[in-house]
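A.B. asks: Sharing a structure, written as C-alpha cells. Questions coming.
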Amino acid sequence: MPALPFDGDLAVPGPSIVDGLCHAGWVMQEHFIPPELSRQLAAECVQSMLSGKMKGAGVGSGHAPLLQPDIRGDHIAWLETGRSGACDSYLQHMEALRQTLNRELFLGLDEYESHFALYAPGAFYRAHLDRFRDDDKRTVSVVLYLNEDWLPEHGGALRLHPDGGQVDILPQAGRMAMFLSGEMLHEVLPTARQRLSIAGWFRRRG
C-alpha cells in the first residue's frame with residue numbers, strides 16, 4: 001500500500017504546543033499523523049522484528065553501547081531516508097516540525113535521528129535522560145506511538161518526571177510526546193503487550 005502524501009500542516013504545532021515545550025519542558029499532541037500512516041509504520045516496525053533487522057538496544061553513546069536488559073529491554077531499527085514510503089512521509093513531518101521549532105524557539109536544531117522501538121511483553125526502560133554526558137547535541141526528544149486500542153491495563157506508559165510532578169502518557173497510536181532531551185527525566189513502565197513506537201531526537205549544531 002503506498003504511503004499517504006505528506007501534508008505539512010499536520011506537523012506544524014500550534015501555540016499551545018510550542019508554549020508547552022518552552023514553559024513546561026514537555027508537551028503531548030494527539031493525532032500527530034494520519035491513522036493510515038500510523039498503521040503502515042506499525043506494520044513496518046513489526047516486520048523489521050520478524051525479519052531480524054531489529055537489534056537489542058544498548059545503553060550509552062558510541063559505536064558499541066552496552067546491552068543491559070536490567071535497564072533497557074527494547075529492540076530498535078534506525079530510520080533512514082528511502083527506507084520506505086511510510087518512513088519518508090514520517091520524516092517529512094519531522095522536518096516540518098524541526099523548522100517550526102527553530103522559527104518559534106530559536107533552538108538551532110540542525111538534524112533529526114530516529115529509530116523504531118519494539119518492547120516485548122515485560123520489557124521496560126528505567127529512568128534516564130536522553131542527552132549523553134559526552135555529547136550534548138540532543139536537544140528535543142520526540143516519541144510517536146503506533147499502538148491501536150491501548151488500554152491502561154496494558155502498562156507501557158511513558159512516565160515523565162517534570163519538576164515537582166509525574167505524568168504518565170499511554171502509547172496510543174498517533175499520539176506524540178515531545179520534551180527537552182537534557183532536562184526531562186523519563187522512563188518506560190513495564191508493558192503487558194507488544195509496544196511499538198518511533199523514538200527520535202532533534203540535534204543542535206555542534
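The values are calculated or read from the model by the stated rules, or taken from the named source; none is laboratory data. The structure presented is a predicted model; accordingly, all values stated were derived computationally and were not measured. All Cβ positions, glycine included, derive from the backbone under ideal geometry; neighbour counts span all protein chains shown. Heavy atoms of the whole protein, side chains included, go into the accessibility calculation; ligands, DNA and RNA do not. Shrake-Rupley method; radii C 1.70, N 1.55, O 1.52, S 1.80 Å.
A.B. asks: How much of the accessible area of the stretch 31-184, in percent, comes from carbon and sulfur atoms when a 1.4 Å probe is used? If you can, show how the numbers build up before the last one.
C.D. replies: On the way: 3800 of 7420 Å².
Carbon and sulfur atoms account for 51 percent of the accessible area of the stretch 31-184.
A.B. asks: Mind checking the per residue accessible area of the chain for me, 1.4 Å probe, whole number of Å²? All intermediate terms of the calculation are to be shown ahead of the outcome.
C.D. replies: Numbers: 10110 Å² over 206 residues.
Per-residue accessible area for the chain comes out at 49 Å².
A.B. asks: Mind ranking 191, 81 by accessible surface for me, highest first, 1.4 Å probe?
C.D. replies: 81, 191
A.B. asks: Suppose only helical runs count, i.e. DSSP H with n ≥ 4. What mean residue ellipticity at 222 nm does that imply for the chain under -39500 (n - 2.57) per run, divided by all residues and rounded to the nearest 500 deg cm²/dmol?
C.D. replies: Working: 3 runs with 47 residues, N = 206.
Per the formula, -7500 deg cm²/dmol.
A.B. asks: Report the convex hull volume per residue for the stretch 110-198, counting only C-alpha atoms, in Å³.
C.D. replies: On the way: hull volume 8.7 nm³, N = 89.
Cα convex hull per residue, to the nearest whole number: 97 Å³.
A.B. asks: Would you work out the relative contact order for the chain, in percent, from Cα pairs under 8 angstrom that are 6 or more residues apart?
C.D. replies: Reported relative contact order: 28 percent.
A.B. asks: For residue 83, put the label point 7 Å out on the Cα→Cβ axis and report which residues of the stretch 118-146 keep their amide N under 18 Å from it.
C.D. replies: Output list for this probe position: 118-120, 141-146.
A.B. asks: Oh, and also: For the pair residue 192 and residue 95, how long in nm is the line joining their label points, each one 7 Å along Cα→Cβ?
C.D. replies: 4.2
A.B. asks: Obtain the nm distance between the two label points defined at residue 103 and residue 166 by a simple spin-label model: each point lies 7 Å from its Cα along the Cα-to-C-beta direction.
C.D. replies: 3.9
A.B. asks: Below 13 angstrom from the Cβ of residue 68, what's the summed charge of the other residues (Lys, Arg +1; Asp, Glu -1)?
C.D. replies: Counting the neighbours of residue 68, the net charge comes to 0.
A.B. asks: Relative to the Cα centre, what is the charge dipole magnitude of the stretch 84-203, using +1 at the beta carbon of each Lys and Arg, -1 at the beta carbon of each Asp and Glu, and rounding to the nearest 20 debye? Can you show the working numbers first?
C.D. replies: Working: 12 positive and 17 negative charges, 28 e Å.
Here the stretch 84-203 has a charge dipole of around 140 debye.
A.B. asks: Moving on. For residue 183 and residue 16, what is the calculated FRET efficiency with R₀ set at 30 Å and r taken between the beta-carbons, to the nearest 0.05?
C.D. replies: Numbers: r = 20 Å, r/R0 = 0.66.
Approximately 0.95, to the nearest 0.05.
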